[in-house]
Every structure is written in structure tokens, then in C-alpha cells.
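The values are calculated or read from the model by the stated rules, or taken from the named source; none is laboratory data. Just so we're clear, the structure is a prediction, and the values are computed from it rather than from any experiment. Here the Cβ positions follow ideal geometry from the backbone for every residue, glycine too, while neighbour counts run over all protein chains shown.
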Amino acid sequence: MKKKFDFVVVGGGIFGIYAALHLAENGQQVCLIEKEKELLKKASIVNQARLHSGYHYPRSVATARMSDENKARFTRDHQSFINFAFQKFYAIDRFGSFTDSLQFERFCNYIDIKCERVKQHDYFNFHRLEALYETTEYTFDPILIAEYYKSKLKETKGISVRMYTQIEEASPLANSWELKVRQIDQHNTETIIATQVLNATYSGSNAVNRLFGLPPIQLMHEIAEMAFVTSPQIKNMGLTVMDGQFGSIMPYGLSGLLSLSSVAYTHHKVSYDEMPTFDCQAFNPSCKPSFTAICNSCHARPASNYRKMLSQIRHYFTEQVDLQYLTSMFTIKSKLKANFIDDGRPTEISILNENPRFYCIFAGKINSIYEIEKVVEY
Ligand SMILES: Cc1cc2nc3c(=O)[nH]c(=O)nc-3n(C[C@H](O)[C@H](O)[C@H](O)COP(=O)(O)OP(=O)(O)OC[C@H]3O[C@@H](n4cnc5c(N)ncnc54)[C@H](O)[C@@H]3O)c2cc1C
């Protein structure tokens, strides 16, 4: 028996799930294929949860504008999962910043986002900070959002989910795709026919493109660590130091924890290969460049850099601020090579094949899930 669908969506992260819901709500029959036993276990939860307002991209006005464009709708749709109740500061390091205070102010003015200079504050170390600004930026709660989308998926008619499933072969058949898929712990394969395919596998993008005989997109990959800390003094504050190898600390949604990341220390290993290729894969046979496992639960993941991250971020605070490390989460972070210089994070949706159609969605930021609606046709 061959099962027929209008769309196969590959990847059960927030982008794949949002695409599946959007298509099903518009009358399409969708099959969602996820390689892991659980949905939403990778970048969709292991991230800094910043509801980007643009501040982060003084070198990419295009990304800054796209962040601001989608923010209002994302905020409206996910109201109960957003932390609105903290003070968010951006700052410029006195040493080694790509952007100085004047450029940052000009940039904020240009894209019209709040940026008010703070000259004194008991918690911040002005010997290290050239300038400190109070801004408006919120965080979303990735875990609550993941639960919300999982339950929406269950409630929505027209979506058939294949968990722990691998696509073994894919070939064009007239104006459709024919896929042979197999549940990873089973022998039998199933044949699926899909009019269109949507690849939403983020760091798996090129492996899936290759399976369909389609060209890669130009990516680089990093094993990234997000550290989690607590602090009685700054539990309702966030600080992001721009613009270079610096750090950021901010509430991880509504969890009560602060996520801590650092451009210098969050990224442990880098792969410039088409598919994420790391030396730690030699110690975990279930993780291959073409089919990566979940770093978070992997025994071969790198040792934590939390001490370095903490020591870096402490420079920006006075001794009144106490920070306690709790735990870390790891995942593969992928980026478009084209944004190596400007550090932009656009969401790029490419049509890699017509008749049958194949989309590759490469996600830049979570609030750009709506870009799918602009491009995908049915
Ligand atoms: C460290 C870090 C910090 C970030 N900070 C922020 C931030 O503050 N704000 C923000 O908006 N964005 C941030 N991002 C970016 C954001 O997290 C990602 O753009 C987004 O989560 C990508 O979602 P996704 O659904 O495309 O990918 P994922 O969540 O990675 O989902 C992809 C899914 O595809 C599955 N898959 C892979 N290969 C296959 C295959 N062959 N077959 C079937 N399934 C497959 C995976 O198992 C996974 O479930 C950050 C990312 C990282 C890594």
C-alpha cells in the first residue's frame, strides 16, 4: 500500500511543525517525518530564547528588520509563553567591539527601536562598558512553546506523524515524490507518495537535500552550549554585550533560569563541511554527519565551557551580582556561510526543485516561522 499526501514535511522542530499545522489548517494532507523518538529536542529548545527586536544585528539591517517585522505577530500568538517582565540592557564593551556606541545608537535610531543610555547602575561595571542602554526586548519560553505545538499537532486533523523514522530513498515519480521510509527500530519500509516535500531539518538540511538528489545550501555548523545560571540580583534582568566575541545573559522564558551564552565559548567545535562533521562522532556510532543525534543526551559531547562563560560575563557586573551555574544544554547550531561577515540570521526558503516541488527551509530565528506562509504554495 502506498500512502498519498499533499505534503511531506521532514523535521519535527518548530519550523517543521509550524509548516505542517499551517498546511493542514489550509486543507492539505500532511505527513510529518521526524528521526528522533521525540519532537522538538534540538535547536528549537536549545537556544537563547531571545525574541529578537533587531538589536542583535547592527551589521545586518536586513536581519534586524526581519526580526522586527515578525515580532508583533509572534508575540500576539504566543502571549502566555513570553517573559515581558524583565529589564533588558544592551552594552558596548570598551575593548574589541566591532560596533561602537555611536554606531549602535545610529543603528537603533535608523531601525527605530528603543535605546536609552544608562549612565549609572549599581550592578554594572562601567570600567568595562563603553556604554549601557536600556532597551525593549523579551524572551519566549522554548519549553512551553514546544508543549503548545505538540498539543496543537495532536488536535489538528490532516497530519500524520512518523516518529523515529528515516527516509531511505527518495525519487521523483511523474509530478510527485516517492519515498521509502522506515521506522528506525523496524525492518519493513513504507512507501509514501507526496506531491510536495518541505525540508525543515535545520542542521540536517544538506543530508536531506542530498537524499533527494538536490544541491546543498551553503552552511557551516557548530556544537553549541547554552549554560543555565541563577542570580538573586539579576533574575529579572538581561544583558547582551555587543558586538564581537562577547556574552549575553537573560531569562530563559518563564523558567526562572538565566541562559548564558558567549560568542567565544558557546561554540565548541566548528564544521565548514556540507553536513555537520565533528570528531566526537567517532565515539557515538548513532551520530553521523548525514544523520546527527541529539547532542544534549550524547556521552561524547564536549566538556562544558561554563566556567569560561561565567568568568567572561562577570567582567560586566559589579561584585554585588552573584551568579550560580546550574546546568547546560548542547545542540548543533547551523548558519548560512554567506552571513559569516555580517553575522545576519535570515530565514531562507529555497525551492530546490519544480515538478515535483521541493522546498528547503533554513531557519534563522524562531519568530520567522511565518515566512513559510509567504513562500509555500498549495
Ligand atoms: C545556540 C543557539 C542559540 C539560538 N538563539 C536563538 C534566539 O535567541 N532566538 C531565536 O529566535 N533563535 C535562536 N536560535 C535559532 C533557532 O533556535 C533556530 O533557527 C530554530 O530553532 C530552528 O528550528 P528548526 O525547526 O528549523 O530546527 P530544529 O529545532 O533543529 O528541528 C529540526 C528537526 O529535524 C529533525 N531531523 C534532522 N534530520 C532529519 C532527517 N534526516 N529526517 C527526519 N528528521 C530530521 C531533527 O531531529 C529535529 O527534530 C538559536 C539557535 C541555537 C542553536
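Points worth noting:
- Considering segment 327-352, the residues that are among the hydrophobic types (A, V, I, L, M, F, W, C) and away from the ligand (no atom under 12 Å from the Cβ) include one that is surrounded by the fewest Cβ atoms within 10 Å (Cβ to Cβ), namely Ile341.
- Taking the criterion of being touching a helix residue (DSSP H, G or I) at 6+ places or on another chain (Cβ under 8 Å) and hydrophobic (A, V, I, L, M, F, W, C), the residues of segment 134-159 that qualify are Phe140, Leu144, Ile145, Ala146, Leu153, Ile159.
- Given (1) touching a residue at least 40 places away in the same chain (Cβ under 8 Å); (2) surrounded by fewer than 16 Cβ atoms within 10 Å (Cβ to Cβ); (3) more than 14 Å from the ligand (Cβ to nearest atom), number of the condition Asp243 does not satisfy: (2)
- When Glu222 is tested against (1) under 21 Å from the mean Cα position of the chain (by Cα); (2) more than 30 Å from Leu323 (Cβ to Cβ); (3) surrounded by fewer than 22 Cβ atoms within 10 Å (Cβ to Cβ), exactly one condition is not met: (2).
- Any pair with Cβ under 8 angstrom, 6 or more apart, that starts in segment 80-91 at a residue that is in contact (Cβ under 8 Å) with a residue 40 or more places away in the chain and on the phi < 0 side of the Ramachandran plot and ends at one that is part of a strand (DSSP E or B) and among the small types (Gly, Ala, Ser): Phe86/Gly238; Gln87/Gly238; Lys88/Gly238; Phe89/Gly238; Ala91/Ala131
- Set Ser334, Ser311, Ser350: member being within 21 Å of Phe15 (Cα to Cα) and either touching a His at 6+ places or on another chain (Cβ under 7 Å) or without any contact (Cβ under 8 Å) to a residue 12 or more places away in the chain (or both): Ser334
- Meets criteria (within 11 Å of the ligand (Cβ to nearest atom) and under 30 Å from Tyr133 (Cα atoms)) for Ser205: no
- Scoring Asn296 on the criteria (1) modelled with pLDDT of 95 or more; (2) assigned to a helix (DSSP H, G or I) leaves a single failure, condition (1).
- Of the listed requirements (1) touching a strand residue (DSSP E or B) at 6+ places or on another chain (Cβ under 6 Å); (2) surrounded by fewer than 16 Cβ atoms within 10 Å (Cβ to Cβ), Asp77 misses just one: (1).
- Contact map, segment 18-43: first residue over 26 Å from Ser176 (Cβ atoms), second residue not aromatic (Phe, Trp, Tyr) and not in a loop (DSSP other than H, G, I, E, B), Cβ cut-off under 6 Å, separation 6 or more or different chains; pairs are Leu40/Ala146; Lys42/Thr331; Ala43/Thr331.
- Number of positions in segment 13-62 that are within 12 Å of the ligand (Cβ to nearest atom), in a loop (DSSP other than H, G, I, E, B) and either within 27 Å of Phe358 (Cβ to Cβ) or modelled with pLDDT of 95 or more (or both): 17
- Of all residues in segment 89-143, those satisfying the criterion of being aromatic (Phe, Trp, Tyr) and not in a loop (DSSP other than H, G, I, E, B) are Phe89, Tyr90, Phe104, Phe107, Tyr110, Phe124, Tyr133, Tyr138, Phe140.
- Given (1) more than 13 Å from the ligand (Cβ to nearest atom); (2) surrounded by fewer than 18 Cβ atoms within 10 Å (Cβ to Cβ), index of the condition Ala194 fails: (2)
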